[in-house]
Structures are given as C-alpha cells and as structure tokens.
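Visitor: Please find one structure pasted underneath; my questions will follow.
The values are calculated or read from the model by the stated rules, or taken from the named source; none is laboratory data. As the structure is a prediction and not an experimental result, all values here were calculated from the model. Don't worry about glycine lacking a Cβ; one is built from the backbone with ideal geometry, like all the others, and counts go over all protein chains shown. Only protein heavy atoms, including side chains, enter the accessible area calculation; ligands, DNA and RNA are left aside. Shrake-Rupley method; radii C 1.70, N 1.55, O 1.52, S 1.80 Å.
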Amino acid sequence: MDGKVRKPKQHQQKHSGPQAEKKKLKKHGASTETDERKRNPKAFAVQSAVRMAKTFHRAQDIKAKKHHIPLVDRTPLEPPPIVVVVVGPPKVGKSTLVRCLIKNFTRQKLGEISGPVTIVSGKKRRLTFMECNNDINTMIDLAKVADLVLMLIDASFGFEMETFEFLNICQVHGFPRIMGVLTHLDSFKNNKTLRKTKKNLKHRFWTEVYQGAKLFYLSGMVYGEYQTQEVKNLGRFISVMKFRPLVWQTSHPYVLVDRMEDLTDPEKVRIDPKCDRTASLYGYLRGTHLKNKGQIHIPGVGDFQVKDVNFLPDPCPLPDAQKKRALNEKEHAVYIDLPASHVNQLQAEMQPTTELVQSLIDTHATLDAKMAASKVSLFSGSATLDPTDIMQKGEEQALWDPKTQRERRKVLFAEEMKDDDEEDDEDEEEESEGGDEGESSGEDDLSEEEDNEEDCLSAFLKKSRGDSVKASGPPVKKSKVEAESERPVFADSEDELEMSEHESEGKDQPLGAGDSGHCSEDESDEESEDESEEGCLMSNTVTKQKEEEEDEDEEGALKWKENLQLKASQAFLRQQESAPNLRKLVYGSVVEVEDDEDEEELGGLFRVSRPQNNKRFQANDLDSSHFHPDTTHNWDLEEMLNSIRDCFVTGKWEEGQDAATLLKEDEELYGDFEDLETGEVQKDSDDDGDNEVEQSEVKMDEEESRKNKRLEKKRRLKERFNAEYDDGDATYFDDLKEELQKQAELNRAEFEDVDDETRVQYEGFRPGMYVRLEISSLPCEFVTSFDPHYPIILGGLGSSEGNVGYLQMRLKKHRWHDRILKTRDPLILSLGWRRFQTIPLYHIEDHNGRHRLLKYTPLHMHCGASIWGPITPQGTGFLALQSLTGIKPNFRIAATGVVLDLDKSVTVVKKLKLIGYPYKIFKNTSFIKGMFNTVLEVAKFEGASVRTVSGIRGQIKKALSTPPGAYRATFEDRLLMSDIVFLRSWFPVAVPQLYNPVTSLLLPIGQKDSWSGMRTLGQLKHDLGIRYKPNSDSLYKPITRAPRRFNKLHIPKELQKALPFKNKPKQQQPKGKTSRDLQRPSVIREPHERKVAALLQALSTVHNYNRKKTHMVQHSKHKEFLKEKGKQEDAKLKRQKEARKKLYRVMGQMDQKKQRSSLKGAPQDD
C-alpha cells in the first residue's frame, strides 16, 4: 500500500436498461404510466366487468356516506354563545380547565366559578362555559343543551362510569360534538407506559364516539394551572370548530339561564313566606323563535306559562365588524353571571364577587373608583361632599331588607314613579355598583401606565360624547352631582339607560349616590366639552369646581345680594313649574313615542343612549296644570312674528339655508331629467347651448347601455339553454344544497330591514337575543333553595307538548345494567325537556299483531312499552333510570328507547286460562262446570274454542240452566271424567296513569341529588322488613298419580275375521303354577360349611388382588421397556441417516471428480 490512500469506487450510472429509460423520461417531464398505457393498452384494459362495477359502486358508496342531509341554515347573523359543557368524574380537573380556558381567552384570573361564564373568543364567536357536576340530573339537562362537550378523563385511573353514562345520555338526546381531554398524565414516570396508556384510552374513546375523535393531552400542571401552550391549542380548536344542528335543539326554543331575580312583593312574602313567587330569568335564546305567552318547562321544577318576554341589550356583545386578523385583549369580553339577589348571606359569601369584567383588563382601578374618590361642592363657599356624605344628608335612605338579606338603598324622589320591572332592575344595578366599589377599594398603588390608559379611555369617551352632543343639538346644563355620578357601566335594559322627562329637566332636584350611574349623553355638561382630551371626567369636574370657587372668592362675599328681584321672579316661576303633573297622576305616565334609532357604541366598550332621540313627545302632551310663563306672548307685535318667521318652510333655518337658495340649488341639481318611456332627456332652456357636448356623451352612454343589455340577454338565454340540456357535474345533492341555500338567504332577507320591535311581533324572539322571561306561580323552594351550580334551563314546548296522554315506545334494557326490568315497577324517564316518573307496561308483538304483556324485559331484544306521560313528538329518544339518589357503583342507565305513537291504539293483553271439569259425558258431547259463574258469562263466550289437556279440541255450544255457569260443549272425541277442559283467553290490561315530575331543583341546597319518588314493591318490602309469603297453589308439589287400570282391548269377532293372521289375537293359554317336584330346593349349609366357604372366598379375594398387582407391575415394566426400545430405535435411525448422508456426500464428490476429469481428457495410465 506504501501509505497511499485508497479512493472509494465511484458509482457508474447506467446508460441503458429500464431504470435508465425511466430516468430519461423523468428528466424530460414525460410520465411513465401514460407511456406504458400507450405501449401496452391491453394490460390496462378492464379485466373483469363485475369487479370494476363493484369497485365503482364501493367508491360511490364511500362518497355518498360523506354526505349529510342538507338542512336550511337558520343560524342568525349574531348567533348565541356556544354552550361548552365540561364533564368528568370528581377531582379530575374540570374547574381548573375552565379557569385556564377563560384566562387563555381573556387574560383574566377567576376564583370560584358558579354558573355559566360567557366570553368572546373571536370576531364572530362567543363561548359559554358550564361545569357539570356528578349529579345525574345535571348531566341529563346539560346534555340536551350542549353544543360542545369537553370530556375530562383521568389517565392515571382510566375511564370511569360517569364518562360512559354521559356518552349514553348524549347518544339518546342528540349527539353534540365531543372532545376528550386526558389529565393527570404527569403521574406516569415511564414513557413507554404513558404511550401505551394513551393509545389504549384513545382507541376506547374512538369506539364510544367515532373513529378519529379528537383527544387532547394535558401533560402536567405548573403552579396549579395547565400548561399555557396546551390550553391555547385547545382554545384554538374550540374557536374554529363547526357544529351540526341537532333536531331537538333546532325545533325547540330554550334558554340557559344565567341570572334570576325575585319579583315577588316583599309584603306578600312577609305575610306568607311559602307563597308562590314571581321571578324573571335572563339568558340567551337558543334553538328556534320563542313566542310570547307560550308554555315552557323548567327541568327539575315543572311546566309554567310565560307571563312576559322582553329582549335586552347584549351584556357580552360581539366586537365591531372590522377587518382585523385578531382581537386585542380589551375586546375579549367576559361576562360572569352572578346568582340572584335573593340568595341568603351564607351563599353570597361562597360566590364570586365579580359581576361584570369588561375590557379594562390591565387596570386595577375603574372610573367608578376615581369618581367615588372625587369631591364636589354644591354651592359656592360650601364644604366639599363625597358620596358617603350625600348618603348621610338624607337624599338617600339605606334600608336593610331581612327577606333578601341585603342593604337596599331607597332614593327619596317624589316625582319618580316607575314600574315594578324597572325597580327590580335598579335593585340589581345597586348590587353591581356595590360589587364594583368593593373590588376597587384598597387599590391605591396604581402604576403610571395604568393611569395613562384610563386617561386615554376617558378622553376617547368624552370626545365621542362631545361629537354626538354637537350633532344632536345644544347640550343641557346639568348639576355637578349628576356629572359626578356619571359612570360607564353596562345596563341590563334600555329602560335603565333612559331618563324620564322630569329627571332630564329638573336641574335643582337632588341626586344621591344611588343614581343609576349609566353613561348617558344628557349628563355631559358644557364645561367638560371645552377641556382637553387628555384629562378624565373626574379631573375635569374637580378642576372646574376649583376655578369657580377662586372666581367667587375674588368677587367678594356679598355677591348674593346682586339681582335679588330677578332671583325672586325665577324662584316664583320654578315654584309654579313644580306643581304636580295631573296627567301623570291620572294616566300613570306621559304619552311617548319610541324612536327606532340604534344605540351608538363607543369603541366596542360602552353604549351611549340618547333619550332626546329615542323619545319624542307628542304635541298634545302639554299639561294644563303647569304654569308656563313663556306661553303668554302678544302675537300682534311685529317682533314676536319675526321671532318665529324662520320656523316655517319659507324661512331661513341656518346661515346660507333659506328657501330661495335651496330651491335654486335643487334646480341646478335636478333640473335635467330623462323620460323613461320615450328616452328623451329634458334640458333646462337656459343650458341648451352649453350642454351639447354632454348630450353627445349621453347618446354614447345610451348606445353602450343598449349593447350591454343585448349581451346580458344573450348570456341569460345561453345559461337557460345549458341548464335545460347540459346537466354537467351537478348532482341531486348539489341541487338540494343550492335550493336550501336560497331558502336560507330568503329567510334572512325577509326581516332584514325591519326593526326588532316590529320583527318580534311577527316572528317572535329570534335565537341570539338576550331575553328576560317573567314567570309567575313558581314554588317558593325554587327561590329559597336556588343553587347556581345547578343549571336552570327554560325549554319551550310545542302546541301539544303541554298535554299528558298515552305514549307507545320501543325500549331495550341497557346491556350494562345489572338487572332486568319488571312490568309495573316505577321508572324515571328523561323524555324531551322533562324528567318524570311513570309506570310502564312492557309488551311484545306476536306474529298475528297481538300485543302480549311481558312480565320482564327481554335480555337482548327490543320490546314495546306503554306509559302515561307528556305528549312528545314521534322519534324522540328517551332514557330510563331506576333511581336518582346518590352515586351507585353500577351503571345507572337502565334502558333506552324511542317514542313510536301518541295514542291508545295499542291494546296490551294478558293471557288468561279458564279451567272447567266435565260432570256428564255423552258420546262426543259433554257438560262442563266450574269455568264460569253465570249464564251471562257463558253467553258471552258462545262459540269459543276449548281444549283438553290431552289435546282433544272442542267448542262451547250453549249455557245450561243448572248448575249456574255450566255449559254444553262438543269435542272431537269422547272425553273421560279425568280430563281437564281449559279456555285460553286474552284480558286487556289498563296502563296506570302516573306522571310524577322530578322536582330536584326544589330540594334544599346540598340535597338536590337525593330526590326519591315512588318505590318498587321489592324496595317497600325490604325497607319495611316484610317477608314474601308465597301462594300455596304456586308452589311445586310432588306429583302423586294413582295407578290407572285400563279395560282389556275388545275386538269384535267380525273384525277379527277380516284381520290377517298375524294381527289376529292369539288364544294364549294362561300359565299354570309350577309343580312342587319341579321347583329347585333351597340349600341350607351347616356352620362348618359356611366357615369353609367364607375362608375360600377370602383366599380367592387375596389371590385376585395379588394377581392384579403383579399384572400392573409387569405392565409398567413392559411400558418402560417399550420406551427404552423406542429410544434405541430413534438413535439407530439417526446413525443410519448420518451414515447415508456421509455416503451420499462421498459419492457426490466422486461424481464431480469424474466430471472434471472427463472435461480435461482421458486419464493417463501410470
């Protein structure tokens, strides 16, 4: 080698052969398949037409299976929030996952969550999160309204019964989208075990849901929360997921309640604490349109009539429709719904203190806190006041309500008269204000960045208000207390945002800290408009007060003595104006006309209400009881006439807007017009010479338009021709989808331009609206035992779904339930919105159409069931439970099924055997007794077929006079007195009328999962300690049959002659007794002979035993010998085989040697 480096051998590319040809074709861009098809078309021809047809059909079947039945898209433009239900066994991480998802979308940490939480997750999507506890009632109710289910599974433990129970509930009531989430994965220390567990759980989850169902893995927790990236991925999937409309949800309106208020008169509650309550329930309307005054069902409470329905502004609105790729943090709104105001104090301590968290996520102090910290002086030189001083000075009275367990602030306004609904809304506002003040207290250390954010926000709000005030008209001067109490918070209704006429006009009326505090356009004063945009509302107010106080101090202390006469006259006029409004006292309210202008949104954060635009008073609402000094004018004076001259059409409204100028502008703008019938363009006579060029241009435009019309007409004709004669690739499925798409567009365009008030009267309240339903006659336990952890669902009922009647169902016992079901045992059904207890009758249909009663359900078969319950549409699924109390280790779902019929058309019958005995027998006729009791019963069964146990058939003919109930019957053959005659009949069974709704929400807090209805007979006997006493006739007894003696067979002699010889009876001689001499005498041995015989028998026994033992030993030795001989034979065969191999090898080598030598030549002789 001499140190030379050996180079690796280079690869030599092939220049010929099939591989080289393929590479050349690839290099030039040609396809080998097409070339092969051209070169050898027979190889690619159809080999088997049958196989090709099967392949084609299979491909078409797979394609058709991907199609869903197209439905009309009835989704509103602003859909309601998607209900995301988090389900799982206890201690699996449901609350932690909800908090992490809310933090992912809103950057907001929440404490304890009770009730639904609504957030904005995107530009067109909102989410409502609801945690499902381990109560079977909650699982059933939430499965009916869920759009998406996050099913949490403890990977360290595996699947639990609650998971499969919820999956079965979903399968019955409409399967929503389900996503699995594996938690507690950090408990696995071995990666191989973790991968194996993931795979097993995933495939089992796919078996229950569908192949390829999404399963998320939450690997571990960091500081008590799931990892941010994993939660973000889960949130992305939720944000973009598409949903299939479910039949029950799209055909019924329903509301998932997020707020409840008790509207009952406190005096009525004080007199009778257990009186029926009136409550208002708030929530987003889902499903289909809801009509007012309709009937609803509250699962766990019962059926109720809706007293009134109103739609309110959306508390969690979608952001503005802007072309943005994503939302900023302030547009991710979160709406946390609090429990009602009537919950007792112990509950209120356990509930979250946040009610409305909106957009100001990074700031620690709201505008309310700064406004509350500011001070104001009502008069010059007087001391400054804060909100607590105003409350102490008597403008507001704080009262403790012992029924609602909270402090209620009563504003002492004599003129303010509002309806009960508005009072309740104000109470709720006061609660929210208290919560906001409690949140903002103790947060003094604010950073400069947060202050700058608030300053910019308030400047933006003030600028928007200033622009709107300038556009609408001159601003109205307000008192400083009103300016101070102005706060941008959300209102629950439009009524709260609007002020009455006297509130907007009365400048001197006191306003305490209990004012509604809503952002209103009237409350912005003139002084705040002149300030710079960088200051906040509070700072502007305080600055202005200080400036005014300085000016007043400079002018001197005797300023109050100036213009005393003018002040006195103004005081007199004010006194005259403050007379009582007789119209309001008599008729209750001032006549108003609602304006349909929409509210203006400021930055997607707040709504600005304009009462002066929303309400315009009619011309005849002038109250004669008031003294108006401005109305007494002398209209004969020229000055008075000139003052109103510009108020008419011919007047001068503004600078450069008098009637003559406007008419001249109209002539210049609209002087030329075109006659659409003749096509002539009419010109003004003054401009004929000036517009010749324009006339030529108009002619050219006309020619161009005619040409375009001709082309459009040709195009339409061609499209029509193609549609008639060329089907193209369009299928029936595509045509159906296009038709439904057109129908959806038509539905949307029908009421698109109609305002909500008018639209609601025609089509009802549409899905997506935030509605308030007022319901009366609610049980008092619904209010006193209210628990926000349990969902309240208002399910709308159809026209006939409020009635109760007979239902025919198809039912099958669940294969995991440990016991079969017994007829007439009470069963709890979940059917439609309802959960109720009823008594079913199980039956099966025979081949002749008879519905035969079953005592028990079949094991692996469907059977029919008849119940008395609420009328529900056919095809609705249901599930059955035997008990709701507690958590049992076994599977709780007893059966599932579907509704078939809604009437009593099916008659369930039960087999009944009537038994009789013959007491007189003639040739083929017998008299039977004991089967009936009266002649009337026999007459009813005349002509019925009867039968004996031995199989002889017969028929009932006629009743006998004596004994009562006896009858004459004819049979195929003669009966015996020992025969039993029975009549097989069918007895109709009546369905028990039991409908007992499950009222689990009326139970006390902490006991809502312990509802128990009617108990079964077995449970009653077990609880009462009653032992079952069997019927003596039903017990099995030993059969003792007496020996029967049959008569000798008698064959007539004539018949014997006709028989062949072998069948003729032989005359056999009877056997006589054996003679004594032929009998063998018995041998009697002597005692010595008996001893000898016994000894011989013992010796023979010993000899036989020894011989048998010797034979067994010899047999075992022979067996060992055969085994050893077999081994020797095997060894011998092996040696022979090796010898043969060796011999054959030597012979083969010799043959090869001979062949080689023959090729070289003949061998030379030595």
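Visitor: If a residue counts only when it is among the basic types (K, R) and open to solvent by 10 Å² or more (accessible area, probe 1.4 Å), which strands (runs of 3 or more DSSP E) contained entirely in region 101-183 have at least 1 such residues?
Guide: Hits in region 101-183: 177-183.
Visitor: Could you list, in sequence order, the residues of region 729-771 that are touching a His at 6+ places or on another chain (Cβ under 9 Å) and of a type in the set (G, A, S)?
Guide: G764
Visitor: Another one. Could you say which residue among G180, G174, G220, G224 is in contact with a Ser or Thr (Cβ under 8 Å, 6 or more places away or on another chain) and touching a residue at least 24 places away in the same chain (Cβ under 8 Å)?
Guide: One residue alone meets the criteria, G224.
Visitor: Output the residues belonging to region 868-922 that are within 29 Å of V804 (Cα to Cα) and of a type in the set (S, T, N, Q).
Guide: T872, Q874, T876, Q882, S883, T885, T896, S905, T907
Visitor: So for region 754-768 (the condition being touching a helix residue (DSSP H, G or I) at 6+ places or on another chain (Cβ under 8 Å), under 15 Å from I296 (Cα atoms), at pLDDT 80 or above and outside any loop (DSSP other than H, G, I, E, B)), does at least one residue qualify?
Guide: no
Visitor: Which of the residues that make up region 1060-1080 are open to solvent by less than 100 Å² (accessible area, probe 1.4 Å) and more than 30 Å from H1050 (Cβ to Cβ)?
Guide: The answer is T1074, S1075.
Visitor: Please determine, by comparing only the residues of region 159-211 that are among the hydroxyl-bearing types (S, T, Y) and farther than 22 Å from A895 by Cβ, which one is nearest to the chain's Cα centre (by Cα).
Guide: Y210
Visitor: Out of all the residues in region 799-819, which are assigned to a loop (DSSP other than H, G, I, E, B) and either closer than 21 Å to L879 by Cβ or touching a strand residue (DSSP E or B) at 6+ places or on another chain (Cβ under 6 Å) (or both)?
Guide: Scanning region 799-819 gives E801, G802, H814, R815, W816, H817, D818, R819.
Visitor: So, one more: When the residues of region 90-100 are narrowed to those that are in a helix (DSSP H, G or I) and not charged (D, E, K, R), which ends up nearest to Q227 (Cα to Cα)? So that I can check it myself, show each step before the final result.
Guide: To start, the set of residues in region 90-100 that are in a helix (DSSP H, G or I) comprises 94-100.
Within this subset, residues satisfying the condition of being not charged (D, E, K, R) are 95-98, 100.
Working: S95: 15, T96: 11, L97: 10, V98: 13, C100: 9 Å.
So, considering only residues that are in a helix (DSSP H, G or I) and not charged (D, E, K, R), the one nearest to Q227 (Cα to Cα) is C100.
Visitor: Okay, moving on. When the residues of region 78-100 are filtered to those that are under 21 Å from K242 (Cα atoms) and in contact with a helix residue (DSSP H, G or I) (Cβ under 7 Å, 6 or more places away or on another chain), which remaining residue is surrounded by the most Cβ atoms within 10 Å (Cβ to Cβ)?
Guide: Here the residue is V87.
Visitor: Let me ask you something else. Considering only residues that are surrounded by 13 or more Cβ atoms within 10 Å (Cβ to Cβ) and of a type in the set (F, W, Y), look in region 977-997 and name the one that is nearest to the chain's Cα centre (by Cα).
Guide: Residue satisfying both the conditions and the ranking: Y995.
Visitor: Another one. Of everything in region 48-76 that's of a type in the set (G, A, S) and under 18 Å from F733 (Cβ atoms), which residue is nearest to the chain's Cα centre (by Cα)?
Guide: It comes out as A64.
Visitor: Check T823 against each of (1) in contact with a Leu (Cβ under 8 Å, 6 or more places away or on another chain); (2) farther than 30 Å from L773 by Cα; (3) in contact (Cβ under 8 Å) with a residue 40 or more places away in the chain and name the one condition it does not meet.
Guide: Every listed condition holds for T823 apart from (3).
Visitor: Can I ask one more? Output the residues belonging to region 850-885 that are open to solvent by 40 Å² or more (accessible area, probe 1.4 Å) and part of a loop (DSSP other than H, G, I, E, B).
Guide: Those that are open to solvent by 40 Å² or more (accessible area, probe 1.4 Å) and part of a loop (DSSP other than H, G, I, E, B): R850, K855, L859, H860, M861, H862, P873, Q874, G875, Q882, T885.
Visitor: Considering every residue within region 887-895, establish whether at least one is part of a strand (DSSP E or B) and open to solvent by 30 Å² or more (accessible area, probe 1.4 Å).
Guide: The answer is no; no qualifying residue exists.
Visitor: Restricting to region 1081-1098, what's the tally of residues that are open to solvent by 100 Å² or more (accessible area, probe 1.4 Å) and not in a loop (DSSP other than H, G, I, E, B)?
Guide: The qualifying residues number 6.
Visitor: Next question, about the same structure. Does T838 count as under 25 Å from K1008 (Cβ atoms) and open to solvent by 20 Å² or more (accessible area, probe 1.4 Å)?
Guide: Values: under 25 Å from K1008 (Cβ atoms): yes; open to solvent by 20 Å² or more (accessible area, probe 1.4 Å): no.
Taking the combined requirement at face value, the residue does not satisfy it.
Visitor: Another question about this same structure. Run down R974, R968 and say which single residue is outside any helix (DSSP H, G or I), open to solvent by 40 Å² or more (accessible area, probe 1.4 Å) and in contact with a Phe, Trp or Tyr (Cβ under 7 Å, 6 or more places away or on another chain). Write out each step before concluding.
Guide: Numbers: R974 fails: in contact with a Phe, Trp or Tyr (Cβ under 7 Å, 6 or more places away or on another chain).
Of the residues listed, the single one that is outside any helix (DSSP H, G or I), open to solvent by 40 Å² or more (accessible area, probe 1.4 Å) and in contact with a Phe, Trp or Tyr (Cβ under 7 Å, 6 or more places away or on another chain) is R968.
Visitor: Another question, if that's okay. Test R51 against the criterion of being closer than 30 Å to Q13 by Cα and without any contact (Cβ under 8 Å) to a residue 60 or more places away in the chain, and give yes or no.
Guide: In short, no.
Visitor: Oh, and also: Note down all Cβ pairs under 7 Å where the first residue falls in region 1039-1056 and is closer than 16 Å to Q1067 by Cα, the second is among the basic types (K, R) and open to solvent by 100 Å² or more (accessible area, probe 1.4 Å), and they're at least six residues apart or on different chains.
Guide: Pairs that qualify, where the first residue is closer than 16 Å to Q1067 by Cα and the partner is among the basic types (K, R) and open to solvent by 100 Å² or more (accessible area, probe 1.4 Å): there are none.
Yes or no, residue by residue, for (1) open to solvent by less than 60 Å² (accessible area, probe 1.4 Å); (2) farther than 30 Å from P840 by Cα; (3) of a type in the set (K, R):
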site	(1), (2), (3)
T907	no, no, no
L914	yes, no, no
I921	yes, yes, no
F927	yes, yes, no
M931	yes, yes, no
R947	no, yes, yes
G954	yes, yes, no
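Visitor: For region 944-958, indicate whether the set of residues that are within 59 Å of the chain's Cα centre (by Cα) and over 17 Å from E972 (Cβ atoms) is non-empty.
Guide: Checked region 944-958: no residue is within 59 Å of the chain's Cα centre (by Cα) and over 17 Å from E972 (Cβ atoms).
Visitor: Looking at E750 and the list (1) under 30 Å from K63 (Cα atoms); (2) open to solvent by 80 Å² or more (accessible area, probe 1.4 Å); (3) without any contact (Cβ under 8 Å) to a residue 40 or more places away in the chain, which single condition is not satisfied?
Guide: (1)
Visitor: To continue, here is another question. So which residues in region 942-971 are modelled with pLDDT under 95 and either touching a Cys at 6+ places or on another chain (Cβ under 6 Å) or of a type in the set (F, W, Y) (or both), if there are any at all?
Guide: none
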